[in-house]
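Quick note: the coordinates plus some simple rules give every number you see, no bench work behind them. Worth saying up front: this structure is predicted, and the values here are computed from it rather than measured. Cβ: placed from backbone, ideal geometry, glycine included. Neighbour counts: every protein chain shown.
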Amino acid sequence: MTVATTTAAAPTTATANATLAAARPHARDSICLSDSEILAQTRHPGDQFILRLRAPEAAMTARAGSFAHIQCDADIPLRRPLSIMAANAKEGSLEFLYRPIGPGLRALSRKKPGDRVSVLAPIGNGFSFDPARPRVVAIGGGVGIPPMLMLAADLAADGRYLPLVLMGSEVPFPFELAAPQPSEAWPDATTAALARLEALEVPSRLASNTGLAGTYAGYVTDLAKQELKRLGPGALKEVALYACGPEPMLHAAAKLAVDLDVPCQIAVEEFMACGIGGCAGCTLQIKTPSGPAMKRVCVDGPVFDSRAVY
């Protein structure tokens, strides 16, 4: 990745985040309850589903790292949290990727276009960005990929950042693949990228332990380590890591950040009942300057500094 130089004064982190959120200003009191129409639902190999819902107000305020709490069926009272993969303010829609594990999401997977579901969104604090670290490396694993795709789209639109998206999966990726821009920095076998990111001119690479064509043979965090270790100390000072995925992957990303002395934000997942901070059923122990503290993943997160978690 290369970074363009500029003589203009760098904006503050607060200014950068305000700029990124300008099209979709976000605040905790922006959570919307809507009776949402299902616009599309497609099933993909590996029992993966991509769901698109009409939710105009939520689409205006969603940020990368925020999520929706969806009532999957009228007969199942507890909602299910799903990370937002895309928010289209013009169309007024939200997009999600999920696997139907458990009765709630299995019920959701049976819904058809035209059906309606109750949606609370957007919930939670999303990712923040520092213009002093424009080399953004986003690591997504499995159903942790969605926030990374939204992050990349937001940063590509902003124009001051150079996102690189690395994704790992043990089942076929549920997206159209494309040949990436050629680069000598990658292993010869790493020849697959996401078409939706190539269209945004965001580089991406895929990893898998199951021999998927065009992927790096191994863990996605090992692919990230290979990419980052080729950078010199000066370039590493411009890098920030972002990750979402299964707990072992998050732990590996956090360790990589410590080893290379770069900041890292992670989006964590927890079981939750209310999703809006009332039940405290999704608490996570976080390190703070005054000692350990219990934080609610739904409203205090789901994004945390990795060093506060691990």
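Exposure proxy check: Asp188, Asp115 ranked by fewest other beta carbons within 10 Å?
Working: Asp188 6, Asp115 13.
In order of increasing Cβ crowding within 10 Å: Asp188, Asp115.
Provide the FRET efficiency to the nearest 0.05 for the Ala199-Lys237 pair, computing r from the beta carbons and using R0 = 35 Å.
Working from the Cβ atoms, E equals 0.70.
Starting from the 7 Å offset along Cα-to-Cβ, what nm value, one decimal, do you get for the label separation of Glu247 and Arg230?
The modelled label-to-label distance comes out at 3.4 nm.
Please report the equivalent ellipsoid semi-axes of the stretch 270-310, computed as sqrt(5 x eigenvalue) of the Cα gyration tensor, largest first, in whole Å.
Ellipsoid half-lengths, sorted descending, are 19, 10, 7 Å.
Place a +1 charge on the Cβ of each Lys and Arg in the chain and a -1 charge on the Cβ of each Asp and Glu, then give the dipole magnitude about the Cα centre in debye, rounded to the nearest 20.
On the way: 29 positive and 29 negative charges, 66 e Å.
The dipole magnitude comes to about 320 debye.
Label-point separation (nm) for Thr210 and Ser290, each offset 7 Å from Cα along Cα-to-Cβ?
For Thr210 paired with Ser290, the spin-label model returns 4.6 nm.
Place +1 on the Cβ of every Lys and Arg and -1 on the Cβ of every Asp and Glu in the chain, take the dipole about the Cα centre, and give the residue among Gln41, Pro131, Gly291 whose Cα lies farthest towards its positive end.
Sorting the options by dipole projection puts first Gly291.
From the C-alpha gyration tensor of the chain, pull out the three semi-axes of the equivalent ellipsoid (sqrt of 5λ each), sorted largest to smallest, in whole Å. Walk me through the numbers before you get to the answer.
Details: eigenvalues 171, 105, 75 Å².
Largest first, the chain gives 29, 23, 19 Å.
Taking a ≥ b ≥ c as the square roots of the eigenvalues of the Cα gyration tensor of the stretch 135-267, is the shape rounded (a/c under 1.5), prolate (a/b larger than b/c) or oblate?
Judged from the Cα gyration tensor, the stretch 135-267 comes out rounded (a/c under 1.5).
Would you order Ile50, Ile70, Ile84 from fewest to most other beta-carbon atoms within 10 Å of each residue's own beta-carbon?
Lowest count first: Ile50, Ile70, Ile84.
So for the pair Ile101, Asp188, with labels modelled 7 Å out along Cα→Cβ, what separation do we get in nm?
A separation of 3.7 nm, rounded to one decimal place.
Divide by every residue of the chain the summed helix terms, -39500 (n - 2.57) for each DSSP H run of at least 4, and state the resulting mean residue ellipticity at 222 nm, rounded to the nearest 500 deg cm²/dmol.
The helix-only estimate for the chain comes to -6000 deg cm²/dmol at 222 nm.
Using the 10 angstrom Cβ neighbour count as an exposure proxy, how do Glu176, Glu57, Glu247 rank, fewest first?
By the 10 Å Cβ count, ascending: Glu176, Glu247, Glu57.
If Lys and Arg each add +1 and Asp and Glu each add -1, what is the summed charge of the other residues whose beta carbon sits under 12 Å from the beta carbon of Pro113?
Counting the neighbours of Pro113, the net charge comes to +3.
What length, rounded to one decimal in nm, is gained on full extension from Val258 through to Ser118, with 0.36 nm per residue of separation minus their alpha-carbon distance?
Details: separation 140, 0.36 × 140 = 50.40 nm, distance 4.09 nm.
Additional length available on full extension: 46.3 nm.
I want the antiparallel fraction of DSSP beta bridges within the chain, as a percent rounded to 5.
Here the share of antiparallel DSSP bridges comes out near 65 percent.
Normalised radius of gyration for the stretch 31-123, please: alpha carbon Rg relative to 2.2 N^0.38 Å, two decimal places.
Normalised Rg, Cα atoms only: 0.96.
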